[in-house]
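**Q** Below is one structure. I have some questions about it.
The values are calculated or read from the model by the stated rules, or taken from the named source; none is laboratory data. Since the model is a prediction, treat every value here as computed from it, not as a measurement. Side chains included, ligands, DNA and RNA excluded: accessible areas come from the protein's heavy atoms. Shrake-Rupley method; radii C 1.70, N 1.55, O 1.52, S 1.80 Å.
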Amino acid sequence: MLAVWTSCGGGDGRSSFASSPFHQRTLLMQPSRRVARAIGVLGGIMAIQFLLYGSSLLGRTIFLPLDLLPTYLPGISADVDLNSVDPSYADLVLVDEVFRVRAAREVRAGRLPLWDPDNFAGAPFIANNISAVFSPYRLLDYLFPSPVTVAWTHFARALVAGCGAYLFFRQSLRVRFWPAAIGAWCFPLTGYLVQWAVFGSSCVVTWLPWMLLAVQWTVRRPSDVGGLALAVFTAFVLLSGHLADGALVLLASGLFAVWRLAAIFVRQHAWQAVAGRGAALAAGWLLGILLAAPQILPTLEYIDHSYRMAQREAKRDERPALGIVSLPQMVIPYFYGTGRQNEVYLLPGFLQESAAAGYAGMTVAFFLAPLAAAGRRRGEAAFWFIVALVGAAWTLGIPGFALLAHLPLLRLLTFNRFMFVTAFALLALGVMGIDTLARRRFAWRRWMIVPPIASLALTGWCLARAIWPPEAVFVQSGAVVLGLFPAPAWFVQTHLVAATLGLLLAGAWFLLRVRPQTRAALIYVLPMLLVGEMAWNAHGLNAQCDPKLYYPEVPFLADLAQRPPGRICGQDCLPPMLNQMYGLRQIRGYDGVDPRSLVELVLSDEFELPWRKKLEFPPASTLHHMAPLESPIHDLLGVRYLVFRSQTYRGPATVRGQNPEDFTLVEMPNALPRAFVPRRVASIADQNETLTLMRRVDFKPRDIAFVREKTHLAATDARGEAHLVREQSDEIELSLDMQTPGLVVLADWWYPGWRAYLDGDERPILLADYALRGVEVSAGQHQLIFRYEPNSFARGVQLAALSGTLLMLGSLLLLYRQRSGGQRNSCETPAPEEAPGAK
């Protein structure tokens with residue numbers, strides 16, 4: 001400030017001002033004002049989060065839907081109302097928490113969990129992305145592995161998201177303090193971050209405002225800290241789990257960058273300025289991607305072997321667009337229900353995958369966002385309106401967008417989750433609307449009659465639905481009551497609250513038109529109405545359960561874990577990955593990717609039931625798989641135990657539970673050990689032919705093994721035994737006693753990165769029996785070690801080291817330039833006592 005004053009010819013005036021009591025008071029007040037504002041922003045975010053999730057933050061409850069567990073673990077609790085369970089949140093207790101516990105256990109033990117031997121017949125752990133081993137938020141889990149940390153991790157996400165939103169609104173939208181603070185409080189309450197609160201997807205989205213802020217810094221001053229910040233936040237986005245959602249965040253930041261570069265070109269008409277800033281942006285993104293390479297490269301390798309991605313490549317829509325019918329959810333997120341607390345959900349799919357993820361408040365949609373168009377920055381408002389439309393294009397079924405979403409790379413993404421961009425864009429418009437309302441000059445325009453009319457129309461629609469609800473609302477437990485009883489309270493309450501709010505917003509427009517002096521009151525009322533509305537809709541959506549329900553001890557499963565080793569398969573019960581919490585290994589799995597060859601092998605012997613609904617494209621291919629009582633393929637995979645619900649199984653059993661709600665165990669006598677030596681080997685290059693032969697009823701995995709590569713083994717019968725000596729997650733040691741040369745088959749998934757060492761010498765791993773590992777072994781006694789050493793991870797570490805080195809050098813260079821520039825300025829700028837005319 002002093003240098004600027006001098007350069008403007010301040011002279012002695014600057015000296016007198018610098019020594020004046022007013023300037024000294026300003027210097028003293030400025031830090032305190034900053035502290036007060038920081039307290040206001042942080043305090044508002046923390047207060048709302050404690051109001052919503054205080055019991056979990058204090059450890060009185062666990063921030064997980066643990067009341068779902070009695071559905072899969074019968075008999076553990078009789079106090080849970082299973083009708084209140086929302087099955088769309090099952091992944092939190094079946095997958096996310098299981099991976100969190102495993103990651104924390106392995107890292108705290110000093111091991112990097114590259115492989116998961118309990119998922120499927122082995123599958124990559126880091127590469128599945130849900131594990132989020134390198135996520136910055138995982139640090140809390142590594143330090144404090146207690147389940148209470150789940151709530152504190154969400155609390156940290158809210159702080160990161162809110163603070164980033166505040167800085168972005170202040171620096172990019174250039175709004176006043178209170179509009180930005182209100183936006184910071186509300187961003188963690190938007191639809192996506194509330195509905196995906198405990199899911200790993202929300203970790204990725206919390207970095208969105210920081211990404212946009214880094215783009216803004218880079219575009220403004222490409223040679224400053226912006227590029228470095230962009231690289232760091234890009235890495236955070238890609239390391240936080242869910243690489244596909246991270247790609248959507250990068251896509252959103254790309255749209256914002258194009259807008260900013262276009263604005264610079266319009267002002268300066270210089271391609272050189274745009275090219276320089278574009279190069280700085282590209283360098284920042286590239287360095288961030290390289291920094292996250294230890295996560296990205298293994299994930300891309302796993303995707304190349306993914307059953308789920310193969311279905312997407314075949315242009316099979318995993319989550320088809322719902323169309324314009326889902327539009328009301330953007331302003332009333334529970335317009336069609338939620339699936340919680342005895343509610344029904346009236347649309348296909350789940351709430352999290354709907355337009356409700358784009359919710360940013362009815363107050364924003366019908367008042368504040370339209371008001372932004374009346375402000376001083378209409379171009380900025382138009383851009384955010386377009387971004388909101390783009391984010392909702394797939395979900396709303398806007399024509400033409402589906403063609404773009406089916407392009408070769410884009411069809412690997414889940415564009416219904418792009419609704420988080422819509423929520424942020426609408427909130428940005430709302431913040432601009434608050435800032436417009438706070439300014440003294442405000443002119444009424446003719447188009448402003450549209451929002452109150454729309455608000456009144458929605459009010460009438462909600463009242464009509466509350467009085468005459470659709471027939472589907474009365475569907476409870478499969479029975480249809482044709483309006484003979486009053487509508488459920490949850491449905492009536494949702495629509496009456498929405499109707500009341502719509503009426504209030506229409507009244508606010510009326511006051512603003514008839515009595516403009518009420519603007520001063522609306523400045524305070526509407527932001528508080530927005531915060532209250534969003535907090536109300538966030539309340540109660542995410543379950544907070546009794547800690548006693550946290551994976552309680554089940555004697556039946558504890559006894560099963562002590563039996564001879566072998567994989568299990570739950571028959572319409574005990575779904576993956578729940579088995580891992582009880583020390584069991586299951587042939588099924590669930591990690592969002594699905595190993596293609598193994599899934600195809602398992603599903604080739606699917607046991608169909610006429611009453612069980614078969615999904616055309618299930619997100620988890622083996623989640624509901626059931627094994628036949630006699631199956632050579634499952635014998636090959638070492639499925640030794642079939643677990644049934646006692647109330648549904650009436651056949652012969654090895655062990656039955658103590659009550660009808662318990663489990664029943666059936667032991668398969670023909671299950672092969674995990675490592676064995678087949679008598680003969682046949683080389684078949686065509687994998688489809690191999691799978692066809694294995695599906696035949698006369699296939700005997702002990703007698704013959706099919707390998708893709710040519711072998712040098714003789715046609716005579718092989719004799720030998722293999723015993724498992726030692727096992728870690730990424731290393732398996734076998735002891736071999738071979739009477740003749742033969743093939744040792746390990747019934748684990750064949751995957752690049754595994755290496756085999758026979759007596760210390762590396763040997764090639766053959767693809768055996770369509771999906772498993774095989775190694776040729778000579779006669780005699782040997783030691784065979786399988787070790788997981790993926791080249792993709794090693795290359796990722798090398799690229800991350802290179803990127804980190806470049807970032808460090810860039811930081812040092814930037815620091816040197818700043819210090820050198822500061823020294824030059826101090827030399828070139830005369831000191832106050834040496835200013836011209838001072839003597």
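**Q** Quick one: with all protein chains in place, what share of the accessible area of segment 137-181 is carbon or sulfur, to the nearest percent (1.4 Å probe)? Intermediate results must be reported in sequence, preceding the final value.
**A** Numbers: 1190 of 1610 Å².
Within segment 137-181, the accessible surface is 74 percent carbon and sulfur.
**Q** Can you pull the accessible area of SER201 for me, 1.4 Å probe, Å² to the nearest 10?
**A** Taking all protein chains as shown, SER201 has close to 0 Å².
**Q** Still on this structure: Compute the long axis of helix 149-171 from its Cα atoms, compare it with the longest principal axis of the Cα atoms of the chain, and write down the angle in degrees, 0 to 90, nearest 10.
**A** So the inclination is approximately 40 degrees.
**Q** Taking each pair of different alpha-carbon atoms in segment 268-334 once, compute 1/r for the pair, average those values, and report the inverse of that mean as the Kirkwood hydrodynamic radius in Å to one decimal.
**A** When all Cα pairs of segment 268-334 are included, the Kirkwood radius is 16.6 Å.
**Q** Read phi for every residue in segment 741-758 and hand back ³J(HN,Hα) as whole Hz from Karplus 6.51 cos²θ - 1.76 cosθ + 1.60, θ = phi - 60°, with x for Gly and Pro.
**A** Per residue, the Karplus-derived 3J(HN,Hα) values read x, x, 10, 9, 9, 9, 7, 10, 5, 6, 8, x, x, 7, 10, 10, 10, 9 Hz.
**Q** Moving on to the next point. So what's the angle, to the nearest 10 degrees on a 0 to 90 scale, between helix 519-538 and the longest Cα principal axis of the chain?
**A** For helix 519-538, the angle is close to 10 degrees.
**Q** Using a 1.4 angstrom probe and counting only protein chains, how large is the accessible area of GLU471 in Å², to 10?
**A** The value for GLU471 is about 110 Å².
**Q** Below 8 Å, C-alpha to C-alpha, sequence gap of six or more: please give me the relative contact order for the chain in percent.
**A** That works out to 15 percent.
**Q** State whether segment 223-338 is rounded, prolate or oblate according to the following rule on the C-alpha gyration tensor (a ≥ b ≥ c being the square roots of its eigenvalues): a/c under 1.5 gives rounded; otherwise a/b larger than b/c gives prolate, and the remaining case gives oblate.
**A** Because a/c hits 1.5 or more and a/b fails to exceed b/c, segment 223-338 counts as oblate.
**Q** Accessible surface of SER646 in the full protein assembly, 1.4 angstrom probe, to the nearest 10 Å²?
**A** Counting only protein heavy atoms, the figure is 20 Å².
**Q** By accessible area of protein heavy atoms, probe 1.4 Å, what ranking do THR740, THR218 get, highest first?
**A** Heavy-atom accessible area, descending, gives THR740, THR218.
**Q** Using a 1.4 Å probe, what is the accessible area per residue for segment 144-185, in Å²?
**A** Heavy-atom accessible area per residue stands at 31 Å².
**Q** Relative contact order for segment 289-380: what percent, with Cα pairs under 8 Å and sequence separation of 6 or more?
**A** On the way: 56 pairs, mean separation 19.6, N = 92.
Answer for segment 289-380 is 21 percent.
**Q** Hey, another quick one. How large is log10 of I(q)/I(0) for segment 342-464 at q = 0.13, 0.16, 0.22 Å⁻¹ when the intensity is taken from the Debye formula with one equal scatterer per alpha-carbon?
**A** Relative scattering, expressed as log10 I(q)/I(0), comes to -0.64, -0.89, -1.26.
**Q** Could you list, bin by bin from short to long, the percent of Cα-Cα pairs of segment 91-184 in 5 Å steps?
**A** Calculated P(r), rounded to whole percents: 2, 12, 19, 17, 13, 10, 9, 8, 6, 3, 1, 0.
**Q** OK, next. Tell me the per residue accessible area of segment 696-738 using a 1.4 Å probe; a whole number in Å² is fine.
**A** With the other protein chains kept in place, segment 696-738 gives 62 Å² per residue.
**Q** What does the C-alpha gyration tensor say about the overall shape of segment 734-815? Classify as rounded when a/c is under 1.5, otherwise prolate if a/b is larger than b/c, or oblate.
**A** Taking the square roots of the gyration eigenvalues as a ≥ b ≥ c, segment 734-815 is prolate.
**Q** Working out 0.36 nm times the residue gap between VAL655 and ALA109, then minus their Cα-Cα distance, what length gain in nm do you get to one decimal? All intermediate terms of the calculation are to be shown ahead of the outcome.
**A** On the way: separation 546, 0.36 × 546 = 196.56 nm, distance 3.55 nm.
Here the segment from VAL655 to ALA109 would lengthen by 193.0 nm.
**Q** Right, another one. Counting only protein heavy atoms and using a 1.4 Å probe, what share of the accessible area of segment 749-821 belongs to carbon plus sulfur, as a whole percent? Present the calculation step by step, with values, prior to reporting the outcome.
**A** Working: 2100 of 3560 Å².
Carbon plus sulfur share of accessible area: 59 percent.
**Q** Which distance in Å, rounded to a whole number, links the C-alpha centroids of segment 164-198 and segment 99-162?
**A** 27
**Q** Next up: For PHE556, PHE134, write out the residues from largest to smallest accessible area, computed with a 1.4 angstrom probe and no ligands counted. Can you show the working numbers first?
**A** Numbers: PHE556 25, PHE134 65 Å².
Correct descending sequence by accessible area is PHE134, PHE556.
**Q** Compute the long axis of helix 21-57 from its Cα atoms, compare it with the longest principal axis of the Cα atoms of the chain, and write down the angle in degrees, 0 to 90, nearest 10.
**A** 30
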